[in-house]
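Attaching a single structure in structure tokens format; questions to follow.
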Amino acid sequence: MLQNYGEVDLLVSGTEAEVSLTQPLKYRFHGLSFVFGTNGGVDKWATFKLMDMRQFRKDMRSLPLKEYDLIINDFEPVSAWACKLHRIPSVSLSHQCSFVSPKTPRPEKWNYGDWLLKYYSPTTHHIGFHFERYDDFIHTPVIRSEIRNLQTSNLGHYTVYLPAYDDKILAKYLNQAPNVQWQIFSKRQKTPYQSGNVQIFPVNNEAFNTSLANCEGLLTGGGFEGPAEALFLQKKVLMIPMKGQYEQQCNALAASKMGVPVISGIDERFVAVLKKWIKNDNRVWVDFPDDTEQIIHDMIKRYAKPGTF
């Protein structure tokens, strides 16, 4: 949609992505990434070891920002801080910028994560996305066209995406709900394998979409796009937000207010909760209209350099 208005250069930073883009990249930076652990949380030591602030500053200064008529940011720190350093306006087009609003659901107790969401990727203007329109600059989720166009069915299996848990740990618990089939998508596996009623696949966008389209429900973390897409497809959802990951805790709280069941972690209570969720057919009905084209049009009209388009 952006390419309908002009030439688009893509910038990606970070080291933790499991899927690649189909479009060519202009810039690829090391950035700042959080490393997932194997037991439901962030691996803080691995995250610290990955940090390279010297490279971050070098990348920040290398960007030819003045060549651009509009800089759009999806919670990406290198370009955000580069714009701030050079006093060049930028626009957040992201889920995370919805937390600029005090109306967006979050735990009552203050957490450093609130500070992180504010300063990790600071921008001048904000266009946010969340499960509901909590403020006038917040829109409902962008559902990819490939998801909107999926032919759905219910083959009875459950799709699982919990990248903060080792798939062998997950399989041990899911084997205790033997009357259903589970399809885990794992960032740690390169080849598929099976453990009883649990199939484990490497992360693959097309395979995951197919599994999701034909599942009974999605067992997932406290992310945003995955649960939003499952809800849009009218699938059951059970969320397990990552420990110590504030944004996921906020997302899970927002989803719970809509009626999505949430559990704090995988422990001795997990199997009982899992079996109850399997038995219960309650689904959360959502209305996520396809407003993306209008949002893009309004953003460019409002924030691009005067006379550009």
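The values are calculated or read from the model by the stated rules, or taken from the named source; none is laboratory data. Everything quoted here is computed from the prediction, not taken from an experiment. Quick reminder, even Gly has a Cβ in these numbers, built from the backbone with ideal geometry, and neighbours come from all protein chains shown. When the accessible area is computed, the model is the full protein with side chains, heavy atoms only, and any ligands, DNA or RNA have been set aside. Shrake-Rupley method; radii C 1.70, N 1.55, O 1.52, S 1.80 Å.
From Cα pairs below 8 angstrom and at least 6 apart in sequence, can you work out the relative contact order of the range 68-115, rounded to a whole percent?
35 percent
I need the phi-derived Karplus couplings for the range 270-275: 6.51 cos²θ - 1.76 cosθ + 1.60, θ = phi - 60°, integer Hz, Gly and Pro marked x.
Values per residue, Gly and Pro as x: 4, 4, 5, 5, 4, 5 Hz.
Give me the distance between the Cα centres of the range 253-309 and the range 55-120, rounded to whole Å.
Each part's Cα centre sits 21 Å from the other's.
Something else: Using only protein heavy atoms and a 1.4 Å probe, report how much of T124 is accessible, in Å² to the nearest 10.
80 Å²
How compact is the chain by the rule of thumb for globular proteins, expressed as Cα Rg over 2.2 N^0.38 Å?
Ratio of Cα Rg to 2.2 N^0.38 Å: 1.03.
May I ask you to give the solvent-accessible area per residue for the range 91-187, in square angstrom, as obtained with a 1.4 angstrom probe?
49 Å²
Also: Relative contact order (percent) for the chain, with alpha-carbon contacts under 8 angstrom and 6 or more residues of separation?
Over the chain, the number comes to 16 percent.
If you don't mind, another one. Quick one: length gained pulling D114 to K279 fully straight, 0.36 nm per residue minus the C-alpha distance?
Stretched out fully, the D114 to K279 stretch lengthens by 55.8 nm.
Taking the Cα centre of the chain as origin, sum charge times position over the Cβ atoms of Lys and Arg (+1) and Asp and Glu (-1), and report the length of that vector in debye to the nearest 20.
Result for the chain is approximately 800 debye, rounded to the nearest 20.
Using a Gaussian network model of the chain whose springs link C-alpha atoms within less than 10 Å, name the residue from H86, H125, H95 with the highest mean-square fluctuation.
The residue with the greatest mean-square fluctuation here is H86.
Search the structure for amide H atoms under 5 Å from the amide H of S90, placed 1.01 Å from N in the peptide plane, and list their residues when 5 or more places away or on another chain.
T124, H125
Divide the volume of the convex hull of the Cα atoms of the range 251-308 by its number of residues and quote the answer in cubic angstrom per residue.
In the range 251-308, the Cα hull volume divided by residue count equals 134 Å³.
Using modelled amide H (1.01 Å from N, peptide plane; none on Pro or chain starts), what sits under 5 Å from the amide H of H139, excluding residues fewer than 5 places away?
The list, which skips near neighbours in sequence, is G128, F129, H130.
Using all alpha carbons of the range 101-230, what is the percent of pairwise distances in each 10 Å bin, ordered from the shortest bin to the longest?
All Cα pairs considered, the percentages come to 11, 33, 28, 22, 5, 0.
Return the Cα extents of the range 176-309 along principal axes one, two and three, sorted largest first, each rounded to a whole Å.
Cα extents, longest axis first: 62, 35, 29 Å.
Too long at a 30 Å Cα-Cα cut-off: which of K66/K301; K118/K190; K118/K301; K168/K243; K172/K235; K118/K187?
Pairs exceeding the cut-off: K118/K190.
Note down the nm distance, to one decimal, between modelled labels 7 Å out along Cα→Cβ at K84 and at M258.
2.9 nm
Now a separate question. Would you calculate the separation in nanometres between label points at T210 and S145, each defined as 7 Å from the Cα along the Cα-to-beta-carbon direction?
Between T210 and S145, the simple spin-label model gives 2.2 nm.
Tabulate in residue order the Karplus-calculated ³J(HN,Hα) for the range 172-177, using 6.51 cos²θ - 1.76 cosθ + 1.60 with θ = phi - 60°, rounded to whole Hz; enter x for Gly and Pro.
4, 7, 5, 4, 7, 10
Another question about this same structure. Report the FRET efficiency, 1/(1 + (r/R0)^6), for R54 and I169, where r is their Cβ-Cβ distance and R0 is 25 Å, rounded to 0.05. Before the final figure, lay out each step's value.
Details: r = 36 Å, r/R0 = 1.45.
Efficiency at R0 = 25 Å is approximately 0.10.
Quick one: dipole size for the range 150-216, taken about the Cα centre, charges +1 on Lys/Arg Cβ and -1 on Asp/Glu Cβ, in debye to the nearest 20.
On the way: 5 positive and 4 negative charges, 48 e Å.
Once rounded to the nearest 20, the dipole reads 240 debye.
Determine ³J(HN,Hα), in whole Hz, for all residues of the range 124-141 in sequence, where each value follows from phi through the Karplus function 6.51 cos²θ - 1.76 cosθ + 1.60 and θ = phi - 60°; x replaces Gly and Pro.
7, 10, 9, 10, x, 9, 7, 5, 9, 8, 6, 8, 6, 9, 9, 10, 6, x
For the range 88-216, what is the relative contact order in percent, using Cα pairs closer than 8 Å and at least 6 residues apart in sequence?
21 percent
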